[in-house]
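A short write-up of the structure that comes next.
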Amino acid sequence: MVFLPYPMRLAAVATLLSLELLYQAFLARCDVGTAASYGPPYTPTSCNGYGQDQFPPNNMFAAVSGGLWDNGAACGRTYRLRCLSGIDRPCKGGNIVVVVVDKCASNPCPANLLLSREAFGAVSRFTDGKINVEYTQI
């Protein structure tokens with residue numbers, strides 16, 4: 001067992017508390033919503049029509065609901081998200097980053113974020129369905 005002098009113990013506790021506060025501040029900036037999978041054809045999109053260069057090379061992209069669409073200002077925004085829960089424990093764990101390329105075609109949209117199949121598969125054990133997610137714009 002290691003014994004630290006009193007001032008060092010205080011510094012260690014202060015550092016841990018600071019890290020916890022930073023972590024809580026990060027969590028406070030996140031929104032909680034839902035995500036679902038959507039599949040091809042992905043074009044035309046509301047952001048860039050038929051342009052193939054709008055899709056990131058890893059195919060980690062999303063369409064967003066009206067609340068996130070912001071009259072088209074959402075085009076090109078990036079979101080970090082992670083799966084929180086769903087039916088039959090779908091979450092894989094970890095975070096992904098997606099780029100907004102489209103607006104949800106359905107009204108009402110079935111989820112806050114419609115993820116490409118690759119993006120959905122990166123956070124869920126299933127290929128389709130609806131999951132609860134935590135997301136934040138980065």
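The values are calculated or read from the model by the stated rules, or taken from the named source; none is laboratory data. These numbers come from a predicted model, not from an experiment. In this analysis, Cβ positions are derived from the backbone assuming ideal geometry, glycine residues included, and neighbour counts consider all displayed protein chains.
Some observations on this one:
- Of everything in the stretch 60-73 that is assigned to a loop (DSSP other than H, G, I, E, B) and under 14 Å from the mean Cα position of the chain (by Cα), the residue that is farthest from residue 128 (Cα to Cα) is 65.
- Odd one out for residue 85, checked against (1) out of contact with any Lys or Arg (no Cβ under 9 Å at 6 or more places or on another chain); (2) within 19 Å of residue 138 (Cα to Cα); (3) modelled with pLDDT of 95 or more; (4) of a type in the set (S, T, N, Q): (2)
- Residue list for the stretch 32-47, filter: in a loop (DSSP other than H, G, I, E, B), buried (at least 18 other Cβ atoms within 10 Å of the Cβ) and not hydroxyl-bearing (Ser, Thr, Tyr): 47
- From the list 29, 77, the lone residue that is basic (Lys, Arg), in contact with a strand residue (DSSP E or B) (Cβ under 8 Å, 6 or more places away or on another chain) and closer than 12 Å to residue 135 by Cα is 29.
- Test: residue in the stretch 21-34 that is modelled with pLDDT of 90 or more and in contact with a Pro (Cβ under 9 Å, 6 or more places away or on another chain): yes
- Of the strands (runs of 3 or more DSSP E) that lie entirely inside the stretch 83-138, those containing 3 or more residues that are of a type in the set (A, V, I, L, M) and under 22 Å from residue 68 (Cα atoms) span 96-103, 113-115.
- In the stretch 48-94, the qualifying residues are those that are of a type in the set (A, V, I, L, M, F, W, C) and more than 19 Å from residue 105 (Cβ to Cβ), and the one that is surrounded by the most Cβ atoms within 10 Å (Cβ to Cβ) is 81.
- Given (1) at pLDDT below 95; (2) under 18 Å from residue 116 (Cα atoms), index of the condition residue 47 fails: (1)
- Complete set of residues in the stretch 78-109 that are under 16 Å from the mean Cα position of the chain (by Cα), closer than 18 Å to residue 47 by Cβ and among the aliphatic types (A, V, I, L, M): 97, 98, 99, 100, 101
- Among the residues listed as 102, 128, the single one being on the phi < 0 side of the Ramachandran plot, surrounded by 15 or more Cβ atoms within 10 Å (Cβ to Cβ) and among the acidic types (Asp, Glu): 102
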